[in-house]
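Here's the structure we're looking at; comments come further down.
Coordinate-derived values only; no laboratory data. Predicted, not measured: the structure shown is a model, and the values here were computed from it. Here the Cβ positions follow ideal geometry from the backbone for every residue, glycine too, while neighbour counts run over all protein chains shown.
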Amino acid sequence: MSANQDRLPPYHGQWVVRTIGTILLTTCALMLILGLTVLADRLHGPRFALYWSWCFLVALAAIFVALFDMHMIRRTSRLTQRKLFREQFETRREPRDR
């Protein structure tokens with residue numbers, strides 16, 4: 001088997017899901033770094049709570065996107081496994097001529 005045959009086929013929209021996940025993770029990391037360094041002295045009271053709530057929500061959205069991606073990969077894997085099983089079963093079954 002070649003390297004391409006060992007890989008799962010991408011599910012519909014995989015590139016979009018991975019791009020959204022990357023953007024969310026980058027945003028969360030940037031918010032974390034800025035919140036602990038540059039904006040640390042400016043975030044007090046309601047601003048502090050609002051800023052870190054948004055950071056938490058962005059991180060939560062990234063987690064949900066990752067879980068969705070994991071679900072879709074498992075689904076694709078299951079469908080590919082069933083397809084390969086059916087193909088293997090059909091090639092082994094020989095018609096009986098009696």
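Each Lys and Arg adds +1 at its Cβ and each Asp and Glu adds -1 at its Cβ; summed about the Cα centre, the stretch 14-92 shows a dipole of about 420 debye.
Which of the peptides 46-55, 20-29 is most tightly packed, and how do the rest follow, going by the mean number of other Cβ atoms within 10 Å of each residue? Could the numbers behind the result be given before it?
On the way: 46-55: 12.7, 20-29: 15.9.
Peptide ranking by packing, descending: 20-29, 46-55.
When mean projected area of the Cα convex hull in nm² is computed from the coordinates, the matching label among [x] 8.0; [y] 9.3; [z] 6.3 is [y].
Taking Cα pairs under 8 Å and at least six residues apart, what relative contact order does the stretch 14-92 come out at, in percent?
Numbers: 25 pairs, mean separation 33.3, N = 79.
RCO, the stretch 14-92: 42 percent.
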